[in-house]
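Student: The structure's right below; bear with me while I get my questions together.
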Amino acid sequence: MGRPDLLNRTLGFAGSIAIALGGLTVGALPDKAEDPLVHWPVIRELRHFPLLAIAVSYVGIALLCGAWLRLRRTLDEHSPGDLVRTMLCWAGPLVLVPPMFSQDVYSYLAQGAMVHEGLDAYKLGPSALGGQFAAEVPAIWQNTPAPYGPLFLRAASAVVNVTGEHIMVGVLAFRLIALIGVALVVLCLPGIATRFGVPPQRALWFGALNPLLLLHLIAGMHNDAIMVGLMIAGIYAAVRQHPALGAVLISAAALIKAPAALALLTIVVLCPKAWLRIGAAAGASALGLQLASGLGTGWIGAMQTPTSVRNGLSFSTDLGLLLGALGWPEPMQIIRTLAAVAGCLLAGWALLRAPNPVAGLGLALSSIILLGPVVHPWYLLWAFVPLAAGLQRVPQAAVWGSVGLSLFLLPTGAPGYPQAVLAATVGTVAGLLYLRMRPPVATAPLAVAATS
């Protein structure tokens, strides 16, 4: 690895350190439970200046995104192993911080505790549980049922069974689950990419080192990590001519979050002669896991739960709100339905017209997500990870969208307020100014060409 690449790795590591420092100070910290970091030197002092900590986090995000973009210029000079080592360097500080950019992990704990206590998490919200687990769940989710599949709720129940009432220990257990999902992505992407003639270095760069993945699947520890990891592992199994195993893995992913089921079409196209085995394995595993969970099928109806969030990223929801403000009678449901139909039609077109079935999966999921009723930044990773392995060229919109969405959420995981948005803006500008003052160092061949 040459000097420019070492500088990129160091730049990204410095960014992760700054993000982690902000996370230790103004991350999605527990509100009611004992915070073990409250008496730490430096952290204790920084907590008196939360706006400064937010600015520091955004300096770090700018540096991390800058390092990621600069790394793209030298991908051909790297081995996949180099990129994995770079990812470990960038991800390391984020493994050690409290939850960041989202408070969802506290909902996972509360829902796991509900299952553990015999309550129906598909009919009741955390408020029915009460106690310290429910106290950490944001108010918007207190009376809403769990939108996740039974496999995830059983895993959440197992976490609570092991960690008991120690909330921060439970949080770390969910980060471990997320890291398993990320590890599956890292292990499987190069093999899938090679199958379709995509350089594995580029697949790892866009699919694994993507700032969205580092910030939201590792620091944010969303259950999308294990869902995407199992889905990609299933596709890799099919690429290696193990379609039945692939079907089982994808079925497990779908019982965490349902959109992963679309990948079953991908492995049918990859292994068309094994369609009967794929169908039998998928059906048997899904039915077996569903029955073994003992949680029923209430999760299917509860998938509507996330639509109560309006964060400005959903085109259909924004259009519905605009038309409602202009006096149209109840336009939201109509617009969302039309957009969902359009998303499904575009997804079908993408599956038919894409250069290969993995790219088709990524494009289809992109259509469904972008025209869906609710869009969170980490949802795009459902599509970006398969796109990384299936497309010969990564669209610029996806690259810059990753950067823009990395800046979208505050480290607190709570809605923004004017002073926090100003602090985030100042931090981002400071990070960009530093990048401007430290332009990329030319690679060795370019340097030679410049002097000849």
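Every number in this text was worked out from the coordinates using simple rules, so none of it is lab data. Note that this is a predicted model, so its numbers are computed, not measured. No Cβ is skipped: glycine too gets one built from the backbone with ideal geometry, and neighbour counts run over all protein chains shown.
Student: Rank Gly229, Met114, Leu24 by how far each Cα sits towards the positive end of the charge dipole of the chain (+1 on Lys, Arg Cβ; -1 on Asp, Glu Cβ) and give me just the farthest.
Tutor: Gly229
Student: Set Lys and Arg Cβ to +1 and Asp and Glu Cβ to -1, take the dipole of the range 234-373 about its Cα centre, and tell me which of Pro272, Leu371, Leu326 lies farthest positive.
Tutor: Among Pro272, Leu371, Leu326, the one farthest towards the positive end of the dipole of the range 234-373 is Pro272.
Student: Another question about this same structure. Taking the alpha-carbon set of the chain, what are its Rg and Dmax in Å?
Tutor: Values for the chain (Cα only, Rg and Dmax): 22.0, 74 Å.
Student: Just how many % of Cα pairs in the range 143-207 lie over 18 Å apart, if you round to the nearest whole percent? All intermediate terms of the calculation are to be shown ahead of the outcome.
Tutor: Working: 1163 of 2080 pairs.
Counting every Cα pair in the range 143-207, those more than 18 Å apart make up 56 percent.
Student: Counting Lys and Arg as +1 and Asp and Glu as -1, each charge on the Cβ, what is the dipole of the chain about the Cα centre in debye, to the nearest 20?
Tutor: On the way: 24 positive and 16 negative charges, 246 e Å.
Taking the Cα centre of the chain as origin, the dipole is about 1180 debye.
Student: Stokes-Einstein diffusion coefficient for the range 310-375 at 20 °C in a medium of 1.002 mPa s, Rh from the Kirkwood formula over Cα pairs: what value in µm²/s? The partial results should precede the final answer.
Tutor: Details: Rh = 12.3 Å.
D = 174 µm²/s.
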